[in-house]
Amino acid sequence: MPSTCHRYNELATLTIKKTAAVTASVANTAKRAFVIVGVSLALGKELRYEEKLGATLAIGAVMLYSSVDHISFGKKKAKKA
């Protein structure tokens, strides 16, 4: 039976094959921010200002990257057509 680590690595490899390595890296960063916030909510621990700022910056940067990637991908697709 494959371990959790093995499954995670397989998922990461499949993600990189379907997207770009940068996209997978950004998604991994966003995942960390969501885990921080989720654990805080689950444990009922209030985040310090620095933790809130870090999570906000990470999530905001991922959303910005996604928007820019979507716009640039749409332009490339339109040029090919």
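The values are calculated or read from the model by the stated rules, or taken from the named source; none is laboratory data. Since we're looking at a predicted model, the values are computed, not measured. We place every Cβ from the backbone using ideal geometry, glycine too, and count neighbours over all the protein chains shown. The area values use the complete protein model at the heavy-atom level, side chains included, leaving out ligands, DNA and RNA. Shrake-Rupley method; radii C 1.70, N 1.55, O 1.52, S 1.80 Å.
For this structure, a couple of remarks:
- One residue stands out among those in region 55-70 that are surrounded by fewer than 14 Cβ atoms within 10 Å (Cβ to Cβ) and among the hydroxyl-bearing types (Ser, Thr, Tyr): the one that is farthest from Glu10 (Cα to Cα), which is Thr56.
- Pick from region 1-49, criterion outside any helix (DSSP H, G or I) and closer than 21 Å to Met63 by Cα, ranking: most open to solvent (accessible area, probe 1.4 Å): Thr19
- Considering (1) over 28 Å from Asp69 (Cβ atoms); (2) among the acidic types (Asp, Glu); (3) touching a residue at least 12 places away in the same chain (Cβ under 8 Å), the lone condition that Glu51 does not fulfil carries the number (1).
- Being open to solvent by 40 Å² or more (accessible area, probe 1.4 Å) and farther than 23 Å from Thr15 by Cβ is a description that applies to Lys52.
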